[in-house]
Amino acid sequence: MSLYIKADVIINGSLPVDLREHANELVMCSRKELGCLEYNAFVQDSGLLFIEGWTNHEALKTHEKIEHFTRFIHVINKMKTDVKITELEII
């Protein structure tokens with residue numbers, strides 16, 4: 001069964017240009033991963049919103065260990081952002 005994730009990256013203040021670049025790299029690389037159904041990032045008032053679709057939990061867990069993902073996590077952790085992850089179910 002496919003799995004969808006909504007990830008809100010909440011930033012205090014304006015969105016740094018380099019964060020947008022890091023997010024774009026994450027999106028482009030993630031879309032090439034085995035098991036990725038979709039991977040999109042959106043700018044919103046509070047920061048960034050990611051919507052991800054995966055074939056299963058195993059594909060998501062593999063994604064979370066890949067370099068482009070861990071690099072992005074390192075960047076947002078340095079910025080002291082808040083991240084809210086929600087697993088979505090298709091009805």
Among the residues of the range 43-71, how many are in contact with a strand residue (DSSP E or B) (Cβ under 7 Å, 6 or more places away or on another chain), over 19 Å from Arg20 (Cβ atoms) and not in a helix (DSSP H, G or I)?
4
Can you name the residue in the range 44-56 that is at pLDDT 95 or above and of a type outside the set (Ser, Thr, Tyr) and, of all such residues, is farthest from the chain's Cα centre (by Cα)?
Asn56
Within the range 4-28, tally of residues that are farther than 26 Å from Glu89 by Cβ and of a type outside the set (Gly, Ala, Ser)
13
Please go through (1) exposed (fewer than 14 other Cβ atoms within 10 Å of the Cβ); (2) in contact (Cβ under 8 Å) with a residue 24 or more places away in the chain; (3) in contact with a helix residue (DSSP H, G or I) (Cβ under 8 Å, 6 or more places away or on another chain) for Asn40 and return the number of the only condition it doesn't satisfy.
(2)
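Which of the following residues is within 10 Å of the chain's Cα centre (by Cα), of a type in the set (S, T, N, Q) and within 22 Å of Pro16 (Cβ to Cβ): Asn40, Asn77?
Values: Asn77 fails: within 10 Å of the chain's Cα centre (by Cα).
Selected residue: Asn40, the only one of Asn40, Asn77 that is within 10 Å of the chain's Cα centre (by Cα), of a type in the set (S, T, N, Q) and within 22 Å of Pro16 (Cβ to Cβ).
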What pairs come up if the first residue lies in the range 50-79 and is charged (D, E, K, R), the second is at pLDDT 95 or above and surrounded by 14 or more Cβ atoms within 10 Å (Cβ to Cβ), and their beta carbons are under 6 Å apart, counting only those six or more places apart or on different chains?
Glu52/Ile5; Glu52/Tyr39
Inside the range 17-33, can you point out the residues that are in contact with a helix residue (DSSP H, G or I) (Cβ under 9 Å, 6 or more places away or on another chain) and not polar (S, T, N, Q)?
Asp18, Leu19, His22, Ala23, Glu25, Leu26, Met28, Cys29, Glu33
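Taking the criterion of being outside any helix (DSSP H, G or I), of a type in the set (Asp, Glu) and either modelled with pLDDT under 95 or surrounded by fewer than 17 Cβ atoms within 10 Å (Cβ to Cβ) (or both), would at least one residue in the range 9-29 satisfy it?
As a first pass, look at the range 9-29 and keep what is outside any helix (DSSP H, G or I): 9-16.
Right, trim to of a type in the set (Asp, Glu) and you get none.
Scanning the range 9-29 turns up no residue that is outside any helix (DSSP H, G or I), of a type in the set (Asp, Glu) and either modelled with pLDDT under 95 or surrounded by fewer than 17 Cβ atoms within 10 Å (Cβ to Cβ) (or both).
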Among the residues that make up the range 77-85, is at least one of them of a type in the set (A, V, I, L, M), in a loop (DSSP other than H, G, I, E, B) and closer than 18 Å to Tyr4 by Cα?
no
What do you reckon, is Ile85 within 10 Å of the chain's Cα centre (by Cα) and in contact (Cβ under 8 Å) with a residue 60 or more places away in the chain?
yes
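The values are calculated or read from the model by the stated rules, or taken from the named source; none is laboratory data. The shown structure was predicted, so the numbers you read here are calculated from the model rather than taken from an experiment. Please note: Cβ atoms are built from the backbone with ideal geometry, for glycine as well, and neighbour counts cover all protein chains shown.
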